[in-house]
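Below: the structure, in structure tokens.
The values are calculated or read from the model by the stated rules, or taken from the named source; none is laboratory data. Because the structure is a prediction, the values reported are computed rather than measured. Reconstructed Cβ throughout: ideal geometry from the backbone, glycine too, with neighbour counts over all protein chains shown. What goes into the accessible areas is simple: the full protein's heavy atoms, side chains included, and nothing from ligands, DNA or RNA. Shrake-Rupley method; radii C 1.70, N 1.55, O 1.52, S 1.80 Å.
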Amino acid sequence: MSRPVYHRVLLKLSGEALMGNQGFGIDPEMIRYVAEEIRSVVDLGVQIAIVVGGGNIFRGIAASSFGMDRTSADHMGMLATVINSLALQDALERKGITTRVQSAIAMHQVAEPFIVRRAIRHLEKGRAVIFAAGTGNPYFTTDTAAALRAQEIHADILMKATKVDGIYDADPKLHPDASFIAEIGYMEVLEKQLKVMDMTAISLAMDNRLPLAVFNLSTAGNIRKIVCGERAGTRIVAR
Ligand code: UDP
């Protein structure tokens with residue numbers, strides 16, 4: 001059986017990843033699937049932390065484009081990530097994975113506050129940790145929160161789940177002959193403005209040489225493959 005090459009990982013799930021084919025909210029089938037994928041690496045003894053987005057419920061920038069104050073809108077977006085985090089915690093615990101939610105916005109009745117040392121202690125004890133409420137600051141995204149938390153907990157890799165297989169040299173929907181890129185440098189992603197991940201998140205990862213993997217969540221087994229060093233998705237690394 002494959003053995004993990006990464007022992008502490010941070011998984012970034014967008015809110016849309018929990019939405020499935022619905023237009024809004026959380027699809028119970030999809031969240032069960034995600035929990036099962038996560039369980040496959042917990043079973044290998046891998047320590048896993050998760051940052052969940054909120055785009056399936058509310059996006060600050062979209063609301064601010066209709067005239068809402070951006071800071072208030074972003075607070076709403078961050079609260080949306082807490083809703084998703086609690087749903088994911090429930091799904092993981094149904095699969096037998098002890099899980100803690102830590103929120104960057106204090107809400108003691110529903111989640112622990114974010115305390116990095118405590119998060120690491122949970123991971124060491126085999127608990128999954130979900131980081132909710134992004135960075136706690138407006139004008140950021142949960143991609144950036146993921147890059148930040150990955151470094152704070154000393155994760156070996158940041159895995160960004162997407163709807164596509166990884167990075168291509170052109171949009172495969174428009175150019176059927178586009179070729180798949182298995183590995184690419186941070187700088188190239190920034191220079192070409194490849195929209196795989198928020199630019200702030202890529203810069204933060206680059207400064208600290210945090211390896212990134214971009215992969216298709218809907219291909220079952222991808223999370224486990226990446227954790228075991230097998231080919232899946234695109235790696236973004238220092239070159
Ligand atoms: N958000 C924020 N600060 C953060 C992270 C998120 O203000 O550190 C807000 C922002 O409004 C964003 C929303 O939360 O639109 C949901 O996060 P994101 O868009 O990153 O979710 P995803 O696209 O991953 O579902």
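Pairs are defined by a Cβ separation below 9 Å, a sequence spacing of at least 6 or placement on different chains, a first member in region 119-135 that is open to solvent by 10 Å² or more (accessible area, probe 1.4 Å), and a second member that is among the hydroxyl-bearing types (S, T, Y) and in a strand (DSSP E or B); the pairs so defined are H122/T99; R127/T99.
Among the residues of region 59-82, at least one is over 24 Å from V214 (Cβ atoms), within 11 Å of the ligand (Cβ to nearest atom) and within 15 Å of the chain's Cα centre (by Cα).
Is it true that some residue in region 13-36 is open to solvent by 50 Å² or more (accessible area, probe 1.4 Å), out of contact with any Asp or Glu (no Cβ under 9 Å at 6 or more places or on another chain), within 13 Å of the ligand (Cβ to nearest atom) and of a type outside the set (D, E)? Checking region 13-36: at least one residue is open to solvent by 50 Å² or more (accessible area, probe 1.4 Å), out of contact with any Asp or Glu (no Cβ under 9 Å at 6 or more places or on another chain), within 13 Å of the ligand (Cβ to nearest atom) and of a type outside the set (D, E).
Inside region 158-173, residues that are under 11 Å from the mean Cα position of the chain (by Cα) and β-branched (V, I, T) make up a count of 1. Can you spot a residue in region 86-107 that is near the ligand (Cβ under 10 Å from one of its atoms), over 14 Å from F140 (Cβ atoms), open to solvent by less than 70 Å² (accessible area, probe 1.4 Å) and modelled with pLDDT of 95 or more? No: zero hits. When A146, A155 are checked against the criterion of being in contact (Cβ under 8 Å) with a residue 60 or more places away in the chain and part of a helix (DSSP H, G or I), a single residue qualifies: A146. Only one entry in A161, A155 is modelled with pLDDT of 95 or more, among the small types (G, A, S) and either within 16 Å of the ligand (Cβ to nearest atom) or in contact with a helix residue (DSSP H, G or I) (Cβ under 7 Å, 6 or more places away or on another chain) (or both), namely A161.
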